[in-house]
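Have a look at the structure below, then the notes.
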Amino acid sequence: MRVKLVAGNWKMNGSLASCQALLKAIMPPLSALKRARYAVCAPYPYLAAVGQALKGSNVALGAQDVCQFEDGAYTGGVSGAMLADCGCRYVLVGHSERRSVFGETDEVAAAKFAQALRHGLTPILCIGEALAEREAGTTEAVVARQLDAVIRQGGLETLARSVVAYEPVWAIGTGKTATPQQAQAVHAYIRARIAAADRRLADALVILYGGSVKGANAAQLFAMPDVDGGLIGGASLVADEFVAICRAAQGAEETARI
Ligand code: PEP
């Protein structure tokens, strides 16, 4: 059975002091939410301190990127081994900002995905279409291409140790959330595509929705049968909003168990 996951992506925001203040505000309410799973993906320099603050809690540590290479002369790179050393459980791979701003290709994202797995991290593979692609009716083709790059490089079974995040680029940081029906349609497509090759794997795969999720719309999104939680950018920096989203995940789990 899939369990809802909410992961905050703090992006390149804040300071050590603001990260600590945010944790101080979210940790007490989150400690009472036992049904779903939670994580925060912190900037590299703060991973160790954030990891220390999360120790023994129900919130896991994640990073926002990983180098596609193992180790060596890659100035500025941060390896999967280093992230594991810092106590990370999750790492974002192929976020649309990495793809569009830093020119990451599907193949580079797939190599990063492989590095994460090699070091025992759970990659959160971000896929999603740009507005022009949605308007051209190519949403499914785009997410299939992004997913297939990972399958081609590592094999279908590697998805069993990962999380997929469907993040329509037009919804990221724009305030334009996909409707629950739009999100559900793409999530169902992703699951069906994997199920065609391996139904058990597809049924167990956690697929998050990301793109302007807020406290006010999280419950409707998480109520969709193929939406297994959220990847949260802007709202993860606002304690009350993030806690409300985490409560929505807990609520969805409670409803599912009735
Ligand atoms: C993200 O960056 O992954 C994201 C979903 O951002 P936002 O929630 O701000 O749209």
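The values are calculated or read from the model by the stated rules, or taken from the named source; none is laboratory data. Note that the structure is a prediction, hence the values are computed from the model and not measured. Reconstructed Cβ throughout: ideal geometry from the backbone, glycine too, with neighbour counts over all protein chains shown. These accessible areas exclude ligands, DNA and RNA; they are computed on the full protein's heavy atoms, side chains included. Shrake-Rupley method; radii C 1.70, N 1.55, O 1.52, S 1.80 Å.
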Surface per residue (accessible, 1.4 Å probe) for region 141-187, Å²: 40
Where in the chain is the longest stretch that carries no trypsin sites (Lys or Arg not before Pro) classed as loop by DSSP and with at most 10 other Cβ atoms within 10 Å? 56-256
At what distance in angstrom do the alpha carbon centres of region 146-225 and region 69-85 lie from each other? 28
Could you name the lysines in cross-link range of K34, using Cα to Cα under 19 Å and dropping any fewer than eight places away on the same chain? K4, K24, K55
Kindly provide the chymotrypsin sites (Phe, Trp or Tyr not before Pro) of region 40-130 that DSSP labels as loop, not H, G, I, E or B, and whose Cβ sees at most 13 other Cβ atoms within 10 Å. Y74, F102
With a 1.4 Å probe and all protein chains kept in place, how do C19, C86 rank by accessible area, largest first? C86, C19
Given charges of +1 on the Cβ of Lys and Arg and -1 on the Cβ of Asp and Glu, with all other atoms neutral, how large is the dipole of the chain about its Cα centre, in debye to the nearest 20? 700
Give, in nm to one decimal, the length gained when the segment between S15 and T174 is fully stretched (0.36 nm per residue of separation minus the Cα-Cα distance). 54.9 nm
Simple spin-label model, 7 Å along Cα-to-Cβ: A132 to D240 in nm? 4.0
Would you pull out the residues with amide H under 5 Å of K4's amide H, same chain only if 5 or more places away, H placed 1.01 Å from N? R37
Taking Cα centroids, how far is region 1-17 from region 111-137 in Å? 16
Please give me the summed charge of the neighbours of V101: other residues whose Cβ is under 13 Å from its Cβ, Lys and Arg +1, Asp and Glu -1. 0
